[in-house]
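Heads up: the structure comes next, in structure tokens.
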Amino acid sequence: MSRPSSRSTLYRLIEAGQLAHKALLLPLVEKGLEPGDDAVLFVLGRSGTTEADLAAELDLPIEMLTPRLERLASRDFITRQAVGPELEPGLALTARGVRVRNALADHWAQLEEALMGELKTKQRKKLAEALGRFVELLRL
């Protein structure tokens with residue numbers, strides 16, 4: 001079998017994915033965060049939540065999440081406070097956490113725009129659907 005061409009769509013997709021991954025990690029490292037911390041900040045950016053609900057949303061065992069939460073709290077990105085209508089013990093972003101989360105979201109949006117900026121709305125939707133189908137195929 002011949003070697004895959006660097007001009008193939010799959011090769012370009014893999015290359016773009018690897019470079020996008022590196023580009024998304026850069027602001028994390030610059031802010032002293034670790035991969036995965038951004039997911040916590042994004043979830044808590046929507047609203048405060050309990051540790052159990054956060055673990056469920058991130059699909060992580062609570063034992064794996066707890067050290068990350070302790071580190072983020074010690075660095076003043078998150079705080080423990082009552083959340084929800086029953087005022088359950090939970091987590092929320094601090095002002096610093098909100099600023100960092102917003103900076104990460106802006107960086108993400110810039111990369112998304114670099115990828116999709118030249119596409120019309122219909123083309124964006126079709127590309128997203130095609131990539132979604134491809135991901136589902138690979139998960140089988």
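The values are calculated or read from the model by the stated rules, or taken from the named source; none is laboratory data. This one's a predicted model, so the numbers in the text were calculated from it and none came from an experiment. Every residue, glycine as well, gets a Cβ built from its backbone with ideal geometry; the counts of neighbours run over all protein chains shown. What goes into the accessible areas is simple: the full protein's heavy atoms, side chains included, and nothing from ligands, DNA or RNA. Shrake-Rupley method; radii C 1.70, N 1.55, O 1.52, S 1.80 Å.
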Exercise. Given the residues 73, 20, which is the only one that is among the small types (Gly, Ala, Ser), outside any strand (DSSP E or B) and in contact with a strand residue (DSSP E or B) (Cβ under 9 Å, 6 or more places away or on another chain)?
Worked result: 73
Exercise. Got a sec? Which of 82, 128 is loosely packed, with under 14 Cβ neighbours inside 10 Å and not in a helix (DSSP H, G or I)?
Worked result: 82
Exercise. Which one of these does residue 17 not meet: (1) under 19 Å from residue 102 (Cα atoms); (2) open to solvent by less than 50 Å² (accessible area, probe 1.4 Å)?
Worked result: (1)
Seminar exercise, completed: Within the range 28-78, restricting to residues that are touching a Lys or Arg at 6+ places or on another chain (Cβ under 7 Å) and in contact (Cβ under 8 Å) with a residue 60 or more places away in the chain, the one that is most open to solvent (accessible area, probe 1.4 Å) is 42
For this session: Restricting attention to the range 39-83, report how many residues are over 21 Å from residue 104 (Cβ atoms), modelled with pLDDT of 90 or more and small (Gly, Ala, Ser).
Result: 2
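Going by what's in this entry, would residue 2 be described as at pLDDT below 90, out of contact with any strand residue (DSSP E or B) (no Cβ under 8 Å at 6 or more places or on another chain) and either open to solvent by less than 80 Å² (accessible area, probe 1.4 Å) or part of a helix (DSSP H, G or I) (or both)?
Working: at pLDDT below 90: yes; out of contact with any strand residue (DSSP E or B) (no Cβ under 8 Å at 6 or more places or on another chain): yes; either open to solvent by less than 80 Å² (accessible area, probe 1.4 Å) or part of a helix (DSSP H, G or I) (or both): no.
No; evaluated as a whole, the condition is false for this residue.
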